[in-house]
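Chemist: My questions will all concern the structure given below.
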Amino acid sequence: MSLLEVENLHTHFITRDLGNRIRVATALNGVSFAVGEGEVVGIVGETGAGKSLTAMSVIGLLPPAAKVVAGTARFAGDDLLAMSPATLNRLRGDQITLIVQSPKTSLDPLKRIGDQLVRIQKAHRAVSDDEARRNAVEMLATVGIPDPEQRARAWPHELSGGMAQRVLIAMALVNGPRLLIADEPTTGLDVTVQAQILDLLMELVQARRLAAMIITHDLGIVAHYCHRMAVMFAGRIVEQGKVADIFKRPAHPYTKALIASTPKQIAARGYAKVGGLPPNLYALPSGCHYRDRCPEAEAACTTEPPLVTVRDGQRALCHVVARGTRVQ
């Protein structure tokens, strides 16, 4: 059973040009996916594809210029998009938590580490200061921070990047959430520390049976840690399914290009890249948004692409794929 179900999500950026004329960027265009209890889903794609915006739309943390204009996002059966700001705010940080990029800048520089963990507990739960402080120290120990009592008294600037990221994981998990969203959770960390942090995070997700979304541009992370994946391009999910199926037999030309550009594939087959530039979200091309960059594009690609079932659980949004498979 799915804990989070997102259906036909549309998000626009509404701005004004120098002539004070309204401009609308179609940033998300019909995004649909689900995350089940105990499941880890990776959302991948190049910069600007809409990965982070999808998460921010679902949990109500959009910038002022952005607005969800259609769709639903059901968490445990309740539509997050229909909730009042107060209700959604109570849910965030409690049942749904977020680990963001840049750990060193995500912590409050004016509060000690322990105080920040205490504050997030008291914002959502009826706990005493002493209990919240004990929970904070225990959680710091759980995420592998040595001498957690001393570290609870530390200031953020006294921590390394890897240590700060462990603190953010502790903050995300201290209230016992059901859904964890990790948005590029190891950005800025060296490769060795990245692996340590991701191993720790996934161990905790598995031990606590959390549903998790990992937003990343790194296909290696998805291949190693995720059960299912969704590939995004220009505000759409162009392919989704089981990780093993997609890596073994990618269907959409964009997915093929992404996988071909990974270090493992380059080492085996030589240099590869995803050619071209992302489309202008203020003037998206008709039909398939990828067609101007697609080596397999055909005349039909100027019309809206069909959603195609490639195999059980794997679907792609593509005319080219539809030629050899059953259209849903």
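The values are calculated or read from the model by the stated rules, or taken from the named source; none is laboratory data. These figures come from a predicted structure and were not determined experimentally. FYI the Cβ positions are ideal-geometry reconstructions off the backbone, even for glycines, and counts take in every protein chain you see.
Chemist: Considering the range 164-185 alone, what residues qualify as being touching a Pro at 6+ places or on another chain (Cβ under 9 Å) and part of a loop (DSSP other than H, G, I, E, B)?
Modeler: Selection gives 185 alone.
Chemist: Can I ask one more? Would you check if there is a residue in the range 38-51 being among the hydroxyl-bearing types (Ser, Thr, Tyr), part of a loop (DSSP other than H, G, I, E, B) and closer than 21 Å to residue 187 by Cβ? Spell out how you get there, then give the answer.
Modeler: If we filter the range 38-51 for residues that are among the hydroxyl-bearing types (Ser, Thr, Tyr), which is where we start, we get 47.
Narrowing the set further to residues that are part of a loop (DSSP other than H, G, I, E, B) leaves 47.
The next check asks that each one be closer than 21 Å to residue 187 by Cβ; those that pass are 47.
Yes: the range 38-51 contains one or more residues that are among the hydroxyl-bearing types (Ser, Thr, Tyr), part of a loop (DSSP other than H, G, I, E, B) and closer than 21 Å to residue 187 by Cβ.
Chemist: For the range 140-158, which positions are out of contact with any Pro (no Cβ under 8 Å at 6 or more places or on another chain) and either assigned to a helix (DSSP H, G or I) or under 28 Å from residue 86 (Cα atoms) (or both)?
Modeler: As a first pass, look at the range 140-158 and keep what is out of contact with any Pro (no Cβ under 8 Å at 6 or more places or on another chain): 142-154, 158.
Passing the criteria: 142, 148, 149, 150, 151, 152, 158.
Chemist: I need every pair where a residue in the range 183-203 that is over 17 Å from residue 51 (Cβ atoms) has its Cβ under 6 Å from the Cβ of a residue that is aromatic (Phe, Trp, Tyr), sequence separation at least 6 or different chains.
Modeler: 202/225
Chemist: Which one of the conditions (1) under 20 Å from residue 33 (Cα atoms); (2) among the aliphatic types (A, V, I, L, M); (3) not in a helix (DSSP H, G or I) does residue 221 fail to meet, given that it meets all the rest?
Modeler: Of the numbered conditions (1) under 20 Å from residue 33 (Cα atoms); (2) among the aliphatic types (A, V, I, L, M); (3) not in a helix (DSSP H, G or I), the odd one out for residue 221 is (3).
Chemist: Which count do you get for residues in the range 124-139 that are surrounded by 13 or more Cβ atoms within 10 Å (Cβ to Cβ) and either in contact with a Ser or Thr (Cβ under 9 Å, 6 or more places away or on another chain) or part of a loop (DSSP other than H, G, I, E, B) (or both)?
Modeler: Within the range 124-139, residues that are surrounded by 13 or more Cβ atoms within 10 Å (Cβ to Cβ) and either in contact with a Ser or Thr (Cβ under 9 Å, 6 or more places away or on another chain) or part of a loop (DSSP other than H, G, I, E, B) (or both) number 3.
Chemist: Still on this structure, please answer the following. Only one of these is at pLDDT below 95, among the aliphatic types (A, V, I, L, M) and under 30 Å from residue 97 (Cα atoms): 246, 237, 215, 259. Name it. Spell out the reasoning first.
Modeler: On the way: 246 fails: at pLDDT below 95; 237 fails: at pLDDT below 95; 215 fails: at pLDDT below 95.
Unique residue meeting the criteria: 259.
Chemist: Output the residues belonging to the range 66-78 that are out of contact with any Leu (no Cβ under 8 Å at 6 or more places or on another chain) and more than 15 Å from residue 10 (Cβ to Cβ). Spell out the reasoning first.
Modeler: Filtering the range 66-78 down to residues out of contact with any Leu (no Cβ under 8 Å at 6 or more places or on another chain) leaves 67, 69, 77-78.
The answer is 77, 78.
Chemist: Additional query: What is the number of the single condition among (1) buried (at least 22 other Cβ atoms within 10 Å of the Cβ); (2) over 14 Å from residue 7 (Cβ atoms) that residue 46 does not meet?
Modeler: It fails just one condition, (1).
Chemist: Another question, then. Given the criterion more than 30 Å from residue 131 (Cα to Cα), surrounded by fewer than 24 Cβ atoms within 10 Å (Cβ to Cβ) and in contact (Cβ under 8 Å) with a residue 40 or more places away in the chain, identify the matching residue among 235, 220.
Modeler: Numbers: 235 fails: surrounded by fewer than 24 Cβ atoms within 10 Å (Cβ to Cβ).
None of the others qualify; the one that does is 220.
Chemist: Still on this structure: Go through 90, 74, 23 for me and flag whichever is outside any loop (DSSP other than H, G, I, E, B), in contact with a His (Cβ under 8 Å, 6 or more places away or on another chain) and not aromatic (Phe, Trp, Tyr). Explain how you work it out, then say what you get.
Modeler: Values: 74 fails: in contact with a His (Cβ under 8 Å, 6 or more places away or on another chain); 23 fails: in contact with a His (Cβ under 8 Å, 6 or more places away or on another chain).
Selected residue: 90, the only one of 90, 74, 23 that is outside any loop (DSSP other than H, G, I, E, B), in contact with a His (Cβ under 8 Å, 6 or more places away or on another chain) and not aromatic (Phe, Trp, Tyr).
Chemist: Quick check on my filter: what residues within the range 115-152 are in contact (Cβ under 8 Å) with a residue 24 or more places away in the chain, more than 22 Å from residue 89 (Cα to Cα) and small (Gly, Ala, Ser)?
Modeler: Hits for the range 115-152 are 144, 152.
Chemist: Shifting gears a bit: Among the residues that make up the range 79-93, is at least one of them closer than 26 Å to residue 136 by Cα, of a type in the set (D, E, K, R) and touching a helix residue (DSSP H, G or I) at 6+ places or on another chain (Cβ under 9 Å)? Please lay out each step first, then the result.
Modeler: Restricting attention to the range 79-93, the residues satisfying the condition of being closer than 26 Å to residue 136 by Cα are 86-93.
Restricting the remaining residues to those that are of a type in the set (D, E, K, R) gives 90, 92.
With touching a helix residue (DSSP H, G or I) at 6+ places or on another chain (Cβ under 9 Å) added as a condition, the list becomes 92.
Looking for residues that are closer than 26 Å to residue 136 by Cα, of a type in the set (D, E, K, R) and touching a helix residue (DSSP H, G or I) at 6+ places or on another chain (Cβ under 9 Å), one finds at least one in the range 79-93, hence yes.
Chemist: Only one residue in 93, 144, 71 is surrounded by 14 or more Cβ atoms within 10 Å (Cβ to Cβ) and touching a strand residue (DSSP E or B) at 6+ places or on another chain (Cβ under 6 Å), so which one is that?
Modeler: On the way: 93 fails: touching a strand residue (DSSP E or B) at 6+ places or on another chain (Cβ under 6 Å); 144 fails: touching a strand residue (DSSP E or B) at 6+ places or on another chain (Cβ under 6 Å).
Answer to the selection: 71.
Chemist: Given the structure, is residue 79 acidic (Asp, Glu) and loosely packed, with under 13 Cβ neighbours inside 10 Å? So that I can check it myself, show each step before the final result.
Modeler: Numbers: acidic (Asp, Glu): yes; loosely packed, with under 13 Cβ neighbours inside 10 Å: no.
Taking the combined requirement at face value, the residue does not satisfy it.
Chemist: In the range 313-320, is there at least one residue being out of contact with any Asp or Glu (no Cβ under 6 Å at 6 or more places or on another chain), closer than 25 Å to residue 56 by Cβ and at pLDDT 95 or above?
Modeler: First, the residues of the range 313-320 that are out of contact with any Asp or Glu (no Cβ under 6 Å at 6 or more places or on another chain): 313, 315, 317-319.
Okay, now just the ones that are also closer than 25 Å to residue 56 by Cβ, so 315, 317.
Restricting the remaining residues to those that are at pLDDT 95 or above gives 315, 317.
Checked against the condition, which is being out of contact with any Asp or Glu (no Cβ under 6 Å at 6 or more places or on another chain), closer than 25 Å to residue 56 by Cβ and at pLDDT 95 or above, the range 313-320 yields at least one hit.
Chemist: Continuing with the same structure: Do the conditions hold for residue 161, that is, is it touching a residue at least 12 places away in the same chain (Cβ under 8 Å), touching a Pro at 6+ places or on another chain (Cβ under 8 Å) and surrounded by fewer than 21 Cβ atoms within 10 Å (Cβ to Cβ)? Break it down stepwise before answering.
Modeler: Numbers: touching a residue at least 12 places away in the same chain (Cβ under 8 Å): yes; touching a Pro at 6+ places or on another chain (Cβ under 8 Å): yes; surrounded by fewer than 21 Cβ atoms within 10 Å (Cβ to Cβ): yes.
When the stated conditions are applied, residue 161 passes them.
Chemist: Under 9 Å between Cβ atoms, which residue pairs at least 6 apart in sequence (or on different chains) link something in the range 31-53 that is under 17 Å from residue 241 (Cβ atoms) with a partner that is part of a strand (DSSP E or B) and among the hydroxyl-bearing types (Ser, Thr, Tyr)?
Modeler: 31/11; 34/2; 35/2; 36/2; 39/2
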